[in-house]
1. Evaluate the following for S227: is it among the hydroxyl-bearing types (S, T, Y), in contact (Cβ under 8 Å) with a residue 12 or more places away in the chain and within 19 Å of S17 (Cα to Cα)?
2. Please note which helices (runs of 4 or more DSSP H) are completely contained in segment 1-117 and include at least 1 residues that are over 25 Å from E223 (Cβ atoms) and within 12 Å of the ligand (Cβ to nearest atom).
3. List the pairs whose first member sits in segment 25-51 and is on the phi > 0 side of the Ramachandran plot, whose second member is surrounded by fewer than 20 Cβ atoms within 10 Å (Cβ to Cβ), and whose Cβ atoms are under 7 Å apart, counting only residues at least 6 apart or on separate chains?
4. Checking T142 against (1) more than 10 Å from the ligand (Cβ to nearest atom); (2) among the hydroxyl-bearing types (S, T, Y); (3) within 17 Å of G20 (Cβ to Cβ), which test does it fail?
5. For L209, all conditions in the list (1) at pLDDT 95 or above; (2) at negative phi; (3) surrounded by 16 or more Cβ atoms within 10 Å (Cβ to Cβ) hold save one; what is the number of the exception?
6. Among the residues of segment 126-145, which ones are in a helix (DSSP H, G or I) and either touching a strand residue (DSSP E or B) at 6+ places or on another chain (Cβ under 8 Å) or touching a residue at least 24 places away in the same chain (Cβ under 8 Å) (or both)?
Amino acid sequence: MNERYLGKTVLVTGAASGIGRAIACAAAREGARLILGDIRHDRLADTAAELRSEGAAAYHARCDVSNTAEVEKLVNRGSDLLGAIDVAFANAGVLGTLGDVWTYSEDEFTKILDINITGTWRTIRAVLPRMIERRRGVIVATASAAGVIGPAGLPAYVASKHAVVGLVKSTAMNVAPDGIRVNALCPHLVDTPMLDTITNENPALRESLGRQTPLGRIATSEEVARSALWLGSDESSFVTGHSLLVDGGLVAQ
Ligand code: NAD
């Protein structure tokens with residue numbers, strides 16, 4: 001078993017479900033102490049209880065990344081209890097509704113940007129001062145293949161994920177002199193509740209979407225978490241400002 005996270009304090013937002021939950025579980029198995037946030041407090045409590053039952057130290061709190069006070073509270077209280085954050089996974093995100101650019105609801109557009117891009121920035125802003133003080137730290141923001149290509153029908157999501165990729169580059173340049181690395185994880189079609197919102201849990205549709213990737217399938221959240229953990233670990237010590245596609249070859253076509 002790898003022990004890349006032994007003794008490290010790791011923050012994960014959107015940790016109650018899908019990719020965030022898989023990152024938290026994988027980091028815990030490699031020795032991390034976990035600070036977990038999500039709007040779904042009930043499911044988050046289940047994740048935290050499971051990790052504790054396996055011997056990991058975990059602090060969890062309701063945290064809506066569109067709420068500055070909740071983000072700061074999670075980061076500050078979590079680090080007081082479990083130590084300064086070594087690795088932050090800014091992962092929380094929403095897909096939003098499908099729609100055309102010209103008929104898209106302004107409320108929906110603004111809400112998605114507030115969670116996906118401003119929420120990512122709020123998380124990064126909250127963790128950076130202590131990382132800069134300690135001159136160490138790694139940030140991994142979950143963007144998407146939709147942060148690199150622009151499929152129709154998800155204008156706010158695509159715009160927000162392109163913005164996450166841009167924010168990651170700018171932040172990486174900003175804090176490289178402080179020894180802090182910042183990268184984006186860009187998955188595509190991962191078997192999580194978010195994908196269920198598009199496929200309505202329709203296995204035939206999921207399969208046909210999967211066939212559109214060169215590897216011919218959708219990803220599991222565990223294999224995406226493995227790429228996230230690599231980005232967050234010392235194994236990627238010379239990688240910063242990068243967007244790592246975990247997309248079964250989609251964008252290379
Ligand atoms: P998911 O819906 O299973 O998990 C997302 C989690 O984020 C949920 O637990 C949800 O409660 C939480 N969340 C939603 N809004 C929040 C908010 N305002 N504050 C805090 N937490 C909030 O979806 P997932 O697939 O695991 O998504 C995780 C990340 O991966 C997202 O950023 C998503 O955009 C990205 N992503 C997913 C896919 C995919 O195919 N599933 C592909 C590319 C990128």
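The values are calculated or read from the model by the stated rules, or taken from the named source; none is laboratory data. These numbers were taken from a predicted model, which means no experiment stands behind them. For neighbour counting, all protein chains shown are included, and Cβ atoms are generated from backbone atoms with ideal geometry for every residue, glycine included.
1. Numbers: among the hydroxyl-bearing types (S, T, Y): yes; in contact (Cβ under 8 Å) with a residue 12 or more places away in the chain: yes; within 19 Å of S17 (Cα to Cα): yes.
Judged against the criteria, S227 is a match.
2. Working: elements: 18-29, 41-53, 68-82, 106-113.
Qualifying helices (runs of 4 or more DSSP H): 41-53, 68-82, 106-113.
3. G31/E3; G31/L6; G31/G7
4. Checking T142 against (1) more than 10 Å from the ligand (Cβ to nearest atom); (2) among the hydroxyl-bearing types (S, T, Y); (3) within 17 Å of G20 (Cβ to Cβ), the one that fails is (1).
5. The one condition L209 does not meet is (1).
6. Let us first name the residues in segment 126-145 that are in a helix (DSSP H, G or I), namely 126-134, 145.
A126, V127, L128, R130, M131, I132, R134, A145 - these are the residues of segment 126-145 that are in a helix (DSSP H, G or I) and either touching a strand residue (DSSP E or B) at 6+ places or on another chain (Cβ under 8 Å) or touching a residue at least 24 places away in the same chain (Cβ under 8 Å) (or both).
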